[in-house]
Every structure is written in C-alpha cells, then in structure tokens.
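Have a look at the structure below before the remarks.
The values are calculated or read from the model by the stated rules, or taken from the named source; none is laboratory data. Just so it is clear, the model here is predicted, and its values are computed rather than measured. All Cβ positions, even for glycine, are placed from backbone atoms using ideal geometry, and neighbour counts span all protein chains on display.
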Amino acid sequence: MSRVRRTPDGVAVELEAAEASLVRTLMEQLIELLGETPGAGGELASVGIAEDAALPDDPVLARLFPDAYRDDGEAAGEFRRYTEIGLRDGKRDAANAVLSSLKAGAAHEDAAPGGGDAEVLLTPDEAQAWLRAVNDLRLALGTRLDIGEEWYEELDDLDPRDPRLPMFAAYDWLTMLQESLVRAVW
C-alpha cells in the first residue's frame, strides 16, 4: 500500500509496483486526453491566446476546462480564449512532472522504469504538481463514472463483474493518495 510522508528533505511517496504502474498509465492517458489545445495553431497562440476555443464536447474535458461564466456565453468564450492554452499546458506539465518523478524514483531504486516499486522524494513544487495531476485524474474518472455524493452506496450494489469496478477502485485509491499528499504538504 502506498505511503506518503513529510520528511526534512520534502515529501516522500512510496508506491508498490502496481500502484506506480496505475499512476503512470493514468497520467499517460490524461496527457493523451488533453491532446493539443484547440486554436493553438493560430497567430496569437504564441502569446497564449486561442483563436477558436470553445467548451469541449467531451464531458471530461468540459469538467477539466469548465466555462468561467455559465450565464454569459460571450464572456465565457472570451475567458476561455485567453486562458485555455495556459490551463491545458499546466495540466500537461503537472502530469509530465509526475511521470518524470516516477521514472527518477524507479531508476533510483534500480527498478525497471515500467515496473517495480517506486520511492519518490518530491520538492514542494513537485508535490504541488502531484496534487494538481491527481486531482485532474480524479475529476476525469469521477466524470466518466458519473460519481455523485452517494457513490459509496452505489458501489455496494454494483455487480462484481461490472467492468467499471476497477475504475471505481482506482478512483477510491486516488482519493486516498490525494488526501495523503494534502496531509504531507500542509
């Protein structure tokens, strides 16, 4: 089971091989989901302005990049135009920071980069990146699973053969990891 603790040198995260593999796989999927920023190819993209940014059709991306103004479509579009490139880059950077630290942790422990336990010592900035990326994963999984307030009760009634069960387990484990990170950081 994972262990997260504050040390004098930073935040230590110890993950078993299966946990490290899960985090690695989910981060890679998150990066793929984030994809390229819509409108990032235009003239203004070099200064962080997307020319044709719009609320994504994918519910997960819409949850990760919600409208800033629900009752004012024009203001929401303008806000998105000026912020989406930076927000998307920030989410991608956080996920890549997790992958980099996992790779370094596996290499440090003389484990194969794709497997084995990982022990990672995070700087304060890296710990913040982990918190942001784990939160994004939880938002993505929660949206796909349509998790609401009573999800634990719904889980009790779920058929053990339901293909969503591993995703619910991953969501639950990510929740515990996030809580452990928060406690270690603050």
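Brief remarks follow.
- All of MET176, MET167 fail the test of being under 20 Å from PRO59 (Cα atoms) and within 20 Å of the chain's Cα centre (by Cα), apart from MET167.
- Failed condition for ASP125, given (1) more than 25 Å from PRO59 (Cα to Cα); (2) assigned to a helix (DSSP H, G or I); (3) in contact with a strand residue (DSSP E or B) (Cβ under 8 Å, 6 or more places away or on another chain); (4) not small (Gly, Ala, Ser): (3)
Residue-by-condition table, conditions (1) modelled with pLDDT under 95; (2) of a type in the set (A, V, I, L, M):
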residue	(1), (2)
ARG92	no, no
LEU145	yes, yes
GLU153	yes, no
ASP159	yes, no
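- Lone qualifier among VAL182, VAL120 - being within 18 Å of the chain's Cα centre (by Cα) and part of a helix (DSSP H, G or I): VAL182
- All conditions but one from (1) more than 29 Å from ILE147 (Cα to Cα); (2) among the aliphatic types (A, V, I, L, M); (3) not in a helix (DSSP H, G or I) apply to LEU44; the one that does not is (3).
- Boolean, GLU78 is out of contact with any strand residue (DSSP E or B) (no Cβ under 9 Å at 6 or more places or on another chain) and free of Cβ contacts under 8 Å to residues at least 12 places away in the same chain: yes
- VAL4 vs. criteria surrounded by 14 or more Cβ atoms within 10 Å (Cβ to Cβ) and assigned to a strand (DSSP E or B): yes
- Residue match in the stretch 158-168 (condition: closer than 17 Å to GLU32 by Cβ and either β-branched (Val, Ile, Thr) or touching a residue at least 60 places away in the same chain (Cβ under 8 Å) (or both)): no
- Those residues of the stretch 137-153 which are without any contact (Cβ under 8 Å) to a residue 24 or more places away in the chain, part of a helix (DSSP H, G or I) and in contact with a helix residue (DSSP H, G or I) (Cβ under 9 Å, 6 or more places away or on another chain), in sequence order: TRP151, TYR152
- Search result, residues across the stretch 47-82 that are hydrophobic (A, V, I, L, M, F, W, C), modelled with pLDDT of 90 or more and in a helix (DSSP H, G or I): VAL60, LEU61, ALA62, LEU64, ALA75, ALA76, PHE79
- Residue in the stretch 88-96 that is more than 17 Å from THR25 (Cα to Cα), buried (at least 18 other Cβ atoms within 10 Å of the Cβ) and either touching a residue at least 40 places away in the same chain (Cβ under 8 Å) or of a type in the set (Val, Ile, Thr) (or both) present: yes
- For the stretch 129-186, the candidate set comprises residues that are farther than 23 Å from GLU28 by Cβ, of a type in the set (A, V, I, L, M) and out of contact with any strand residue (DSSP E or B) (no Cβ under 8 Å at 6 or more places or on another chain); within that set, the residue that is surrounded by the fewest Cβ atoms within 10 Å (Cβ to Cβ) is LEU158.
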